[in-house]
Amino acid sequence: MQSRTFPARTCSGQPSDPRRRQVLLAGALGLPALGLMGGRAFAAAGQSVALAMIGEPQTLDPMLTTADLVGTLMQHVYEPLYTFDSHWRIVPMLAAGMPTMQDGGRRVDIPVRQGVAFHDGQPMKMSDVVASLKRWMAVSPRGKSVAAEVEAVEAASDTVLTLRMKAPYAPLPAQLALPTSMAAIMPERTIAAQMTEFVGTGPYRLKERRPDQYTLLEKFDRYAARTEAPDGYGGRRIAHIRELRFIPVPDANTRVEGVLSGQFAYADLLPVDAAGRLEKGGDQVVPLIGKNFGFPYLVFNTKGTLATAALRQAAQAAIGAEELMAAAFGDPKFFSIGANFFPQGTPYYSLAGAQHYNVNDPKLAADLAKKAGYAGKPIRILASRQYEFHYNLALVLAEQFKRAGLETDLQVVDWATLLQRRNDPALWDIYITHSGLFPEPMLSPPQLGANAPGWWESPEKKAALDAFNQEVDLARRGPLWGAVQALIYEQVPFIELGKFNSLSARSARLQGYTPSAWPAFWNVKLA
């Protein structure tokens, strides 16, 4: 079983003939049957692979959402100024080098690469970079948080971008590097409130999208690759495979069956109880464990039924994180629990607020709810089955609330619908999601920033985050995280439940693939 630390059942009613089963599944997914025959067929097709993802991306606009699925697909099409290497260090991508700071960190200069072409053949210019970052700060959940810290984005020259900051802002390079809600560089002429053209600089370009069937990317022959050796998301990116076909397969067990039969070259985020079957799947399938992949968490709507911190504290007291994580991931090798948001040995390790973690005390929760004036109104829990562990978390969460006398209304929807509903505070009280585990606290959860669903704002939050983000010296910045973590446990805008490892799988013939937070298929070959 292949694993990598990247600081990230049989379907019934199938026909007995494997070849016929593959043809039928191909038709159901809107794919050419020949290309899905596994074995010789997808090698003969040569340079087209089918990649089974958890669902349909709700948009192809890389800026509009923090959803991992959109970031995974569109990181092949668009590129940011910076990215991460395999140790989560920030390295240049479309930038020519690392940023330099002047005026005590209030002026940030970024050199920009020359000779980079967009997919329409036009050269990337400084005007495109400036316009892209201005749009990102206007429409992106992450960009809006950065915008609050920025006075101006301007071209110092044809090769140097300047950001003038209101105060030193330590997370800036990391914010510019994240592929979700991406600070993507795009042609100025394509920029619009509602994007209709998706033109980037990446190793692949968008060829075709058929909603609920596939998103097809093809190799961009004029791609300007970096010269450094590949390392994580950094360095040289080469599109060895001609076409990448990302297929929405919401049912997790169908993804398992598809990768075992050879219909999919890769299957993302599989249920952990499928690990045994994948390990016994023969030498044609490689199970992939992403160690320290991320953490599931519950987001609280601070404008709805749980608007008061006192009632959110009551809900927190009802929650047993260990019970929830066991329900979600089963085997303890796939999860761990702990009050610390960051692992021991990292600059941000802290146990501040630990007394509020994994309490699982129904009586205490009921007493706190009564004091908070709870009148029995159902708490609306929003979850999706496309991530099966989200759904399992929701079932146990509802039971824990029931034990504490808290009424619930469990609403199970597809992932795209959840992403839409979470933007309307009138429609939910808690939603279940997860995030990769990143080295920079301000990268996730987005609720640490501004305007993210949940809408957590308070004077205490502003004071704690200002102190944390304006300190650029890591030796002094690290301990300041403890104050932020303590405030999260006190005001309860969200609850981190624990850490988990992920399970995916690839064909043995898909070589060079490295398990990562957002699966990337450049530098990957078909044997």
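Binning the C-alpha pair distances of region 228-271 at 5 Å intervals from 0 yields a P(r) profile of 5, 18, 21, 15, 14, 16, 9, 2 %, listed from the shortest bin outward.
Listed peptides 349-357, 100-108 appear in the order 349-357, 100-108 once ranked by packing, highest mean of other Cβ atoms within 10 Å at the front. Net charge dipole, region 230-279: roughly 320 debye, given to the nearest 20, about the Cα centre with Cβ charges of +1 for Lys and Arg and -1 for Asp and Glu. Working from the Cα coordinates of the chain, the gyration tensor eigenvalues give, after taking √(5λ), semi-axes of 35, 32, 19 Å in decreasing order.
222 nm [θ] for the chain, helices only, -39500 (n - 2.57) per DSSP H run of 4+, per residue, to 500? The partial results should precede the final answer.
On the way: 15 runs with 147 residues, N = 527.
Helix contribution divided over all residues of the chain: -8000 deg cm²/dmol.
Using alpha-carbon positions, what is the distance between the centroids of region 287-317 and region 79-143, in Å? Taking the Cα centre of each part, region 287-317 and region 79-143 sit 32 Å apart. When only the Cβ of Lys, Arg, Asp and Glu is charged (+1, +1, -1, -1), the dipole of region 370-474 relative to its Cα centre reaches about 560 debye. Taking Cβ atoms as reference points and 12 Å as the exclusive limit, the residues near E208 contribute a net charge of +3, counting Lys and Arg as +1 and Asp and Glu as -1.
I'd like to know which of P453, T514, A467 lies farthest towards the positive end of the charge dipole of region 453-527, counting +1 on Cβ of Lys and Arg and -1 on Cβ of Asp and Glu. The listed residue farthest towards the positive side: T514. Compute the label zone of W455 within region 404-439: residues whose backbone N is under 18 Å from the point 7 Å along Cα-to-Cβ. Backbone N within reach: 419-432. Projecting label points 7 angstrom from Cα along Cα→Cβ for S157 and A193 puts them 3.9 nm apart. How high is the relative contact order of region 357-432? Use alpha-carbon pairs under 8 Å, at least six apart in sequence, and give a whole percent. About 41 percent, as a whole number. Using alpha carbons only, the radius of gyration of region 160-311 set against its Kirkwood radius gives Rg/Rh = 1.03.
Cβ-to-Cβ counts within 10 Å put S140, S261 in ascending order as S261, S140, the fewest first. Note on K370/E279: beta-carbon distance plugged into 1/(1 + (r/R0)^6) with R0 of 30 Å gives a FRET efficiency of 0.05.
Using 0.36 nm per residue of separation minus the Cα-Cα distance, give me the extension gain between T514 and K363 in nm, one decimal. Mind showing how you got there, number by number?
Values: separation 151, 0.36 × 151 = 54.36 nm, distance 4.66 nm.
Going from the current span to full extension adds 49.7 nm.
For the pair A138 and A483, what calculated FRET efficiency results from E = 1/(1 + (r/R0)^6), where r is the Cβ-Cβ distance and R0 = 35 Å, to the nearest 0.05? In this case the efficiency is close to 0.70. Averaging over all projection directions, the Cα-based convex hull of region 294-501 occupies 10.7 nm² in the image plane.
A simple spin-label model places pseudo-atoms 7 Å from Cα toward Cβ; at R385 and E471 they are separated by 4.7 nm.
Quick check on region 110-199: what are the equivalent-ellipsoid semi-axes from the Cα gyration tensor, as sqrt(5λ), descending, whole Å? Before the final figure, lay out each step's value.
Values: eigenvalues 89, 53, 24 Å².
Here the semi-axes work out to 21, 16, 11 Å.
Think of each Lys and Arg Cβ as +1 and each Asp and Glu Cβ as -1; about the Cα centre, that makes the dipole of the chain roughly 700 debye.
Throughout, read-outs are computed from the coordinates displayed, never taken from laboratory work. This one's a predicted model, so the numbers in the text were calculated from it and none came from an experiment. Positions of Cβ are generated from backbone atoms using ideal geometry, with glycine treated the same way; all protein chains shown enter the neighbour counts.
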